[in-house]
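So the structure is just underneath, and the comments pick up after that.
The values are calculated or read from the model by the stated rules, or taken from the named source; none is laboratory data. Just so it is clear, the model here is predicted, and its values are computed rather than measured. Virtual Cβ from ideal backbone geometry, glycine too; neighbours counted across all protein chains shown. Accessible surface is based on the protein model in full, side chains and every heavy atom, while ligands, DNA and RNA are left aside. Shrake-Rupley method; radii C 1.70, N 1.55, O 1.52, S 1.80 Å.
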Amino acid sequence: MKRSISAEWLKLRHSRIGLIIAVLPILSLLIGCANYYFNQDALQNGWYSLWTQVALFYGVFFLPILISICCSYIGRLEHLNRNWNMVMTSPVSIASVFLAKWMVVGVLILFAQVLFIGLYWLAGTLFSLPGPFPVETIGWMIRGWYACMSIVALQLGLSLRIRSFATPIGISLSAVFIGLGMYVAKLGLFFPYSLLNIGMSVMSQDKLTDMQNILFWMINLAFIIIFASMSIRRLKNKDIVSS
């Protein structure tokens, strides 16, 4: 596993994925801050009002797209130059290959989360928002990252299965709108993209009940296990043609 993770980092060393990880959180925060600035008369809850604006654009749209881009990029590396042929014949288990990619994407998304929360603090400071920085937003960030890991497992499986770079991203965009519908229908706990909204408290900052919190963590774990198991089993049983 350690060798597989090291190999994945080596593949990313000269890539521009870091630029994308930085640009999308910055872009979403700028849009959210602009919306907050022009609606300050209606948004009177300080730090929490700012969070509703910046997290809405980031958590609902930009973060799922960022996940799909990272997964598509990592999958695309294997589809090129017959890399899959070398991967499949290497003395490393298929499970290790998939899990190493899943962990690396998870770390990349964690970087994006840390950057976003830092930018949120900076924006609130520049707006001179009253009161201390709300420490619960750090918990929302961690919860959001955990919800991201089930989406990573799903998107990575799609990207390793589909040679097209754009198709998995398009699927992710469609899933975002489905997730919004599931959230509005109070069924968000049963769809990974809706779980991201719940985890980051994007549309509601109401505290989850103890049962909702348990369900959030358990259902996310179930999604991770299901999506990862399906992808690993398919990689073991199906031939993947690389270009």
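Putting +1 on Lys and Arg Cβ atoms and -1 on Asp and Glu Cβ atoms, find which of SER231, GLY32, PHE111 reaches farthest to the positive end of the dipole of the chain. Selected residue: SER231. Size of the stretch 121-221: Rg and Dmax of its alpha carbons, in Å, are 15.8, 50.
For LYS11, a cut-off of 22 angstrom between C-alpha atoms picks up these lysines, skipping any fewer than 8 places away in its own chain: LYS2, LYS101.
Sorting the segments 18-24, 189-195 by their mean number of nearby beta carbons within 10 angstrom, highest to lowest, gives 189-195, 18-24.
Within the same chain, aspartates and glutamates fewer than 8 places from LYS186 are excluded, and of the rest, those with a Cα less than 20 Å from its Cα are ASP206, ASP210. Seen against the Cα atoms of the chain and their longest principal axis, helix 2-12 is set at about 70 degrees. PRE reach from SER15 (point 7 Å along Cα→Cβ): which of the stretch 149-174 fall under 16 Å by backbone N? Counting only backbone N, you get 152-169. The TRP217 and SER128 beta-carbon pair, evaluated with R₀ = 45 Å, returns a calculated FRET efficiency of approximately 0.80. Rolling a 1.4 Å probe over the heavy atoms of the protein chains gives the chain an accessible area of 49 Å² per residue. In angstrom, the C-alpha Rg and Dmax of the stretch 22-72 are 12.1, 41. Quotient of the Cα radius of gyration of the stretch 1-126 and 2.2 N^0.38 Å, N being its number of residues: 1.33.
Protection proxy ranking of 200-207, 63-70, by the mean of other Cβ atoms within 10 Å over each peptide's residues and highest first, is 63-70, 200-207. What a 1.4 Å probe finds exposed on the stretch 15-84 is 62% carbon and sulfur by accessible area, rounded to a whole percent. Principal-axis analysis of the Cα atoms of the chain puts helix 63-79 at an angle of about 10° to the longest axis. Spacing of the modelled spin labels on ILE225 and ILE26, each 7 Å from Cα toward Cβ, amounts to 4.1 nm.
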